[in-house]
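Trainee: Below you will find the structure I want to go over with you.
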Amino acid sequence: MNEEQIRIQDYLTQNALGYDNRRTSTDIRENCELVSGGVTNEHVRDLIRDMILNHGSCIGSIMWHDGYWIIQTEEELEMVTKSLEQRSSGVLRRAVALRNNFLNRNNG
């Protein structure tokens, strides 16, 4: 992990154990003195994504529920993974629909 990610990990470990203690990307950015990378804190989100994918971090988040937290229970893990799986199937359905719409537009 880089220095920024270590600060995020330390901040979440001290302040965001479990879903009920989640912290927004703005809270994380401000408390860890990070750049935002955009209006929705893209830099912070990219750092956290990399921490999960490449550094073994167990950081939870759920779409439409503000905040990140250190996953503490199997229930929280299931809540996060189920949300990700539902999002992925929705994105795949949209990709298929776009392909079909494009083909139908050009062949119809």
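The values are calculated or read from the model by the stated rules, or taken from the named source; none is laboratory data. This one's a predicted model, so the numbers in the text were calculated from it and none came from an experiment. Here the Cβ is made from the backbone with ideal geometry for all residues, glycine too, and neighbour counts use every protein chain on show.
Trainee: Being touching a Leu at 6+ places or on another chain (Cβ under 8 Å), under 16 Å from Arg22 (Cβ atoms) and β-branched (Val, Ile, Thr) narrows it down to one of Ile48, Ile62, Ile52, Ile71, so name that one. Working first, answer last.
Mentor: Values: Ile48 fails: touching a Leu at 6+ places or on another chain (Cβ under 8 Å); Ile62 fails: touching a Leu at 6+ places or on another chain (Cβ under 8 Å); Ile52 fails: touching a Leu at 6+ places or on another chain (Cβ under 8 Å).
None of the other options fit; the residue is Ile71.
Trainee: Among the listed residues Gln72, Gln14, identify the single one that is out of contact with any His (no Cβ under 9 Å at 6 or more places or on another chain), at pLDDT 95 or above and assigned to a loop (DSSP other than H, G, I, E, B). Before you say what the answer is, go through the steps one by one.
Mentor: Details: Gln14 fails: assigned to a loop (DSSP other than H, G, I, E, B).
Result of the check over Gln72, Gln14: Gln72.
Trainee: Kindly list, by first and then second residue, each pair from a residue in the range 1-24 that is free of Cβ contacts under 8 Å to residues at least 40 places away in the same chain to a residue that is of a type in the set (A, V, I, L, M, F, W, C), limited to pairs with Cβ atoms under 7 Å and residues at least 6 apart or on different chains.
Mentor: Filtered contacts from the range 1-24: Arg7/Cys32; Tyr11/Ile28; Tyr11/Cys32.
Trainee: Which residue out of Arg45, Arg99 is at pLDDT 90 or above and within 16 Å of the chain's Cα centre (by Cα)?
Mentor: Working: Arg99 fails: within 16 Å of the chain's Cα centre (by Cα).
When all the criteria are applied, what remains is Arg45.
Trainee: Next question, about the same structure. State whether the residues of the range 43-59 include one that is under 19 Å from Gln14 (Cβ atoms) and among the polar types (S, T, N, Q).
Mentor: yes
Trainee: Quick check: is even one residue across the range 37-53 in a loop (DSSP other than H, G, I, E, B), at negative phi and surrounded by 13 or more Cβ atoms within 10 Å (Cβ to Cβ)? Show your work before the answer.
Mentor: Initial filter on the range 37-53 (in a loop (DSSP other than H, G, I, E, B)): 37-41.
Still in the running and at negative phi: 39-40.
Keeping just the survivors that are surrounded by 13 or more Cβ atoms within 10 Å (Cβ to Cβ) gives none.
Taking every residue of the range 37-53 in turn, none turns out to be in a loop (DSSP other than H, G, I, E, B), at negative phi and surrounded by 13 or more Cβ atoms within 10 Å (Cβ to Cβ).
Trainee: Can you name the condition, by its number, that His65 falls short on among (1) modelled with pLDDT under 95; (2) surrounded by 19 or more Cβ atoms within 10 Å (Cβ to Cβ)?
Mentor: Against the list (1) modelled with pLDDT under 95; (2) surrounded by 19 or more Cβ atoms within 10 Å (Cβ to Cβ), His65 comes up short only on (2).
Trainee: Starting from the range 80-96, take each residue that is within 13 Å of Ser61 (Cα to Cα) and assigned to a helix (DSSP H, G or I) and list its partners that are at pLDDT 90 or above and not β-branched (Val, Ile, Thr), counting only C-beta distances under 6 angstrom and pairs at least six apart or across chains.
Mentor: Close Cβ pairs (under 6 Å, with a partner that is at pLDDT 90 or above and not β-branched (Val, Ile, Thr)) amount to Val80/Gly60.
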